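Below is one structure, written out as structure tokens; comments come after it.
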Amino acid sequence: TAFARYFILDYANPASFTNNVLTTARAALFQRAQSIVLGDQLTLSPTIINSIHVGFTRLAVHRSNPSNMPTPVGLGVNMYNASPNYIQLSVSNYFGVGGGTNATASFIRNQWQYSDDMDWIKGRNHYSFGGEFIANQMDETNLQYANGDFSFDGSQTGGALADYMLGRPIQLIDSGLVVAGLREKYAALYFQDDIQLTKKLAVHAGVRWEPSLPEYDAGGRGNHFSRANFVSGTKTVKYTNAPPGLLFYGDPGIPKAYANGSWADFAPRIGVAWDPSGSGKESIRSSYGIFFDQPESYTDRDFALAAPWANQITLTVPSGGFVNPFAGYPGGNPFPFPYPPTKSSAFPVQGSYINLPLNLHHPYTQQWGLSLERQLGSNWVVTADYLGNKSTHLRSGTESNPAVYIPGNSTTKNTAQRRILAQLNPTTGAYYSTITMMDDGVNSSYNALRLSARHRFSQNFTLLSVYTYSHCLQDTETLGNRLTGNNESNPYNRNADYGPCDFDLRHSLANSVVYQTPNFQRRPLGWIAGNWELAFLVSAYNGFPFSPLTGTDASLSGVGLDRPDVVNRGARYVRNTQTHLWISPQAFQKNAPGTFGTAGMNSLLGPHYVDTDVNLTKIIPIHESQSLQLRFEFFNALNHTNFNAPVNNFSSAKFGIIQASSPARIGQLALKYYF
């Protein structure tokens, strides 16, 4: 058998701006998604089947700004703007103007995929083996920081709005046009065997080979920073004006991906299923496996932001303020830089960089479980499951060039002079601002007990009830879709962020009930009461964890992820849903200068969640192959208020106060005609 499928989707959303800079603008978005898949399944013999799939997908996304959106230059800022209608500015806890998702940009993503799978049944064995190959390609052009990104956080006057009114930003990020050409390959081979050893015992065993093939930029964009080379004054052979410490593809020992992969990555897995009595009414299952993870083909995108390409710089408390941010910058405003770079391209002072470990580890997860299942009577099944996993070599971002706290001589204004490299060598260290290092040593663990009861459809109803008690812990916050900044609050101690995972739910309960009325034979009664289906979905769980943040760089490290000190742990929660005060500000205080705060990561819990959804459906037969379906659906049918997490910024006057909730009751009616 063979098949072919082609799919195309166009989406258009025009730009919008109301001439009010406090109103969030919406960039124009135009995108086209296409995919084509070809498949062939060949029966080689009564016991051997081979399947081949070939696919290609393409996603083209184009973004542009509203034509009447202002720019910093238009507001009176003395700087260079690459875009005539774009601004990015944020005032902590008050408002933002524009934003990164409004920047004019183009993203073209192509993916080619090939897979071949073979199944062979021989006696008690079911062999499965095959392979897969994927090639990812992503090309991007983006004006993300090309008009500057200004941040005001209150560290200058004690109030973010006052900082803004006085034109005293805490930070300016500026760069040229971002051009990236990311390439990533994936290859895998596998073999597994399902063995029916006895009538009561089955074993599943296999292994998968998945080498680590790091992503790279087709234009060679990227860099590797070596502190040893910085200290010794060793420079790259690629660019004559690069500061010591920076190495590029073409320098000895620097691969094109700026990280070495690994070919010896094998992932075994095994599972056992046992029916102790042989009656088919109970089972014991156990399994263990190793599973590698493939990072997104966007992880290294910010290589293109660094010098000598987009030449991103980060200025902390620019001396010229908002009006003239480059007033104290050596040589004045360095933008625009020539593109593409040449061997003699200039490198900016206070440049920002990202860095990968040369021996980058392949992230993987170990999973294990034990399941006990028992049938009770003819319709009930109860199950008890233990689920566990441990993830190793997850990835985070940490600041490898933080500012050193010097008692009595540390302010946000001298952050650049206090950075580690500037302390080692004030002349060459001045070329470096933030250097975000990928930390590939992050671990997480998850353990859960899952209890469920299921009633098969009988006596006109079915039921499924599941309760889960679980706990998830991680060393620190992990990366999103790319290495863009710091996730670790303390650059000197990853374990300072050890705590619950973002999705850690200690208790979770879900219940699903479906009741169907009988199909009454009498015509009037059947029309009125017959063929109704009533379904309930009731779910409840405790609140998600969240971290309190100071909102300012009180540690004076240049990271800006400080947490406050806890002064009264027992008085942290108020939980007053009338005043909406959930967390007591009096239980915390601002962390002392040079410290990172004692409140742990995800150390607070938000409000719990309870929801009841109801669906009432009526089937109205018309003919043998025709019918009407009438559906009444209610989400949050009991109109229970589910509060969102409170404000977590300690610098805000609304710290600890709940300001939003999940939607109230929503009802909808649908009528469908089936034929």
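The values are calculated or read from the model by the stated rules, or taken from the named source; none is laboratory data. In this text, all values refer to a predicted model and were calculated from it rather than measured experimentally. No Cβ is skipped: glycine too gets one built from the backbone with ideal geometry, and neighbour counts run over all protein chains shown. Areas reflect the complete protein model, heavy atoms only, side chains present, ligands, DNA and RNA absent. Shrake-Rupley method; radii C 1.70, N 1.55, O 1.52, S 1.80 Å.
Would you kindly calculate the mean projected area, averaged across all directions, of the convex hull enclosing the Cα atoms of region 1-142, in square nanometres? Each step should come with its number before you reach the end.
On the way: hull surface 53.9 nm².
Projected area, direction-averaged: 13.5 nm².
On the chain, 59 percent of the accessible area sits on carbon and sulfur atoms, based on a 1.4 Å probe.
Compute the accessible area per residue over region 537-597, keeping the other protein chains in place, probe 1.4 Å, unit Å².
On the way: 2690 Å² over 61 residues.
About 44 Å² of surface per residue is accessible.
Each residue of region 115-127 was assigned a 3J(HN,Hα) from its phi angle through the Karplus curve 6.51 cos²θ - 1.76 cosθ + 1.60 (θ = phi - 60°); the sequence is 9, 9, 10, 10, 10, 9, 9, 9, x, 7, 9, 10, 8 Hz, with glycine and proline shown as x. Summing Cβ point charges (Lys, Arg +1; Asp, Glu -1) relative to the Cα centre of region 244-322 gives a dipole of roughly 100 debye.
For region 329-445, the alpha carbon positions stretch 84, 44, 26 Å along the principal axes, listed from largest to smallest. Evaluating 6.51 cos²θ - 1.76 cosθ + 1.60 at θ = phi - 60° for every residue in region 550-564, the Karplus couplings come out as 5, x, 9, 8, 5, 6, 6, 9, x, 8, x, 10, 5, 10, x Hz, glycine and proline recorded as x. Each peptide among 341-353, 2-14 gets the average number of other Cβ atoms lying within 10 Å of its residues, and from highest to lowest they stand as 341-353, 2-14. Enumerate lysine pairs in region 152-289 that are 8 or more residues apart or on different chains, then count those whose Cα atoms are under 16 Å apart. Qualifying lysine pairs in region 152-289: 4. Amide H contacts of ILE87 (H built 1.01 Å from N, in plane; Pro and chain starts excluded): GLY99 sit under 5 Å, all sequence-distant by 5 or more or on other chains.
Three principal axis extents of region 159-245 based on alpha-carbon atoms, in descending order, are 79, 46, 28 Å. Geometric descriptor of the chain, per residue, is 212 Å³ (volume of the convex hull of the Cα atoms). Using a probe of 1.4 angstrom and keeping all protein chains present, the accessible surface of region 113-191 works out to 40 square angstrom per residue.
Please report how far the C-alpha centroid of region 320-360 lies from that of region 184-227, rounded to the nearest whole angstrom. Each part reduced to its Cα centre gives a spacing of 39 Å.
Work out, step by step, the length gained on full extension between TYR573 and LYS654: first 0.36 nm times the residue separation, then minus their alpha carbon distance; give nm to one decimal.
On the way: separation 81, 0.36 × 81 = 29.16 nm, distance 1.48 nm.
Length gained between TYR573 and LYS654: 27.7 nm.
The Cα-based radius of gyration of region 1-64, divided by its Kirkwood radius, gives an Rg/Rh of 1.40. Taking every pair of alpha-carbon atoms in region 441-525, what share in percent sits in each 10 Å bin, from 0 to the bin with the longest distance? Percent of Cα pairs in each bin: 14, 26, 20, 15, 12, 8, 4, 1. Solvent exposure of LEU22, expressed as accessible area, is near 100 Å², computed with a probe of 1.4 Å over the protein chains only.
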